[in-house]
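Notes for the one structure printed next.
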Amino acid sequence: MFTGLIREMAQVVSYKNNILTLKASYKPGVGDSIAVNGACLTVVDVSKSGFSLELADETREVIATENLRGRVHIEPAMRMGDRFEGHIVQGHIDSVGIVKRIVKRTNGVDFFISIPREYLQYIIPKGSVTIDGVSLTVNEVADDGFRLTIIPHTLKETLFGEYEVGRRVNVETDLFARYVANILQKREESKKSEWERVEHFHALF
């Protein structure tokens, strides 16, 4: 589990044969979980200057792999007893979003992110969302995406200050919103199944 607070911006040394090698000051152990741009990956090798992680088939299919170059966000998994900030993040990317518009404001910058419509049900105004591993608050939800306001501190301490229109970003929706939606969906499916059984029973007479 993660919190969406970036520990460090690591430098990509290489990405080939499904192995991502990073240069970083953080020193994990082999087998540790590290979120890289929000995607939970496993450390498979450690060196003096950094570490390497492996990307599974499903991970590569879901995330924006073209961003595994230059600098990337990293966050180690929480340990028991760690201070909890941000929000509960699993490191399981739901979808890739696209930066559609960037608007500068007096004390921050608005980013308009579009995502596939099936994931909008998990995006709630004033709720939480994770973009490339960064825990953020949703300011507004539209028909095809949502708006975030990034404050100067976040712009400075993350890669958001480098984002441009058209960039693809990893999106993890709110865990609790997904759970509630799944429960309601199962309940509706159960009701539908019950009515189908009743109708089938009536048809026998």
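From the phi of every residue in the stretch 145-156, what ³J(HN,Hα) in whole Hz does the Karplus formula 6.51 cos²θ - 1.76 cosθ + 1.60 yield, where θ is phi - 60° and glycine or proline is x?
My calculation for the stretch 145-156 gives x, 8, 10, 10, 10, 9, 7, x, 4, 5, 4, 6 Hz in order.
State the extension gain, in nm to one decimal, for the chain segment bounded by residue 139 and residue 13, taking 0.36 nm per residue of separation less the distance between their alpha-carbons.
41.8 nm
Taking volume of the Cα convex hull per residue in Å³ straight from the coordinates, which label in [x] 158; [y] 141; [z] 115 is the correct one?
Of the labelled values, this structure produces [x].
List every residue whose amide H lies under 5 Å from the amide H of residue 8, counting only residues 5 or more places away in sequence or on a different chain, with H placed 1.01 Å from N in the peptide plane.
Here 74 satisfy the definition.
Given a Förster radius of 41 Å and the C-beta distance between residue 102 and residue 187 as r, what FRET efficiency does 1/(1 + (r/R0)^6) yield to the nearest 0.05?
For residue 102 and residue 187, the calculated efficiency is 0.55.
Among 183, 113, 19, which one shows the biggest mean-square fluctuation in a GNM of the chain, springs joining Cα atoms closer than 10 Å?
The residue with the greatest mean-square fluctuation here is 183.
Suppose R0 equals 35 Å; then what is the FRET efficiency for residue 49 and residue 110 from their Cβ-Cβ distance, rounded to the nearest 0.05?
Here the calculated transfer efficiency is 0.40.
Residues with amide H under 5 Å of residue 13's amide H, sequence separation 5 or more or different chain, H placed in the peptide plane at 1.01 Å from N; which?
21, 22, 23
Under a Cβ-only charge scheme (Lys and Arg +1, Asp and Glu -1), can you give me the dipole magnitude of the stretch 95-180 about the Cα centre, in debye to the nearest 20?
Value, rounded to 20: 180 debye.
What size of dipole, in debye to the nearest 20, comes out for the stretch 8-76 about its Cα centre when the only charges are +1 on Lys and Arg C-beta atoms and -1 on Asp and Glu C-beta atoms? Walk me through the numbers on the way to the answer.
Details: 7 positive and 9 negative charges, 81 e Å.
Rounded to the nearest 20 debye, it is 380 debye.
Give the peptides 57-63, 44-50, 131-137 in descending order of average Cβ contacts within 10 Å, highest first.
131-137, 57-63, 44-50
Net charge near residue 171, counting Lys/Arg +1 and Asp/Glu -1 over other residues with Cβ under 14 Å of its Cβ?
Net local charge, residue 171 excluded: 0.
I want to check the label-to-label distance for residue 117 and residue 90. Put each point 7 Å from Cα in the C-beta direction and report it in nm to one decimal.
A separation of 2.4 nm, rounded to one decimal place.
Can you find, among 159, 120, 42, the residue farthest towards the positive end of the dipole of the stretch 18-167? Put +1 on the C-beta of Lys and Arg, -1 on that of Asp and Glu.
The residue sitting farthest along the positive end of the dipole is 159.
Compare 138, 36, 165 in a GNM of the chain, Cα atoms joined below 10 Å, and give the one with the largest fluctuation.
Evaluated over the chain, the most mobile residue of the options is 165.
Is there a quick way to get the dipole size of the stretch 1-159? I mean about its Cα centre, with the Cβ of Lys and Arg at +1 and of Asp and Glu at -1; what is the value in debye to the nearest 20?
640 debye
Bear in mind these aren't lab numbers, they're just calculated from the coordinates by the rules spelled out. These figures come from a predicted structure and were not determined experimentally. Reconstructed Cβ throughout: ideal geometry from the backbone, glycine too, with neighbour counts over all protein chains shown.
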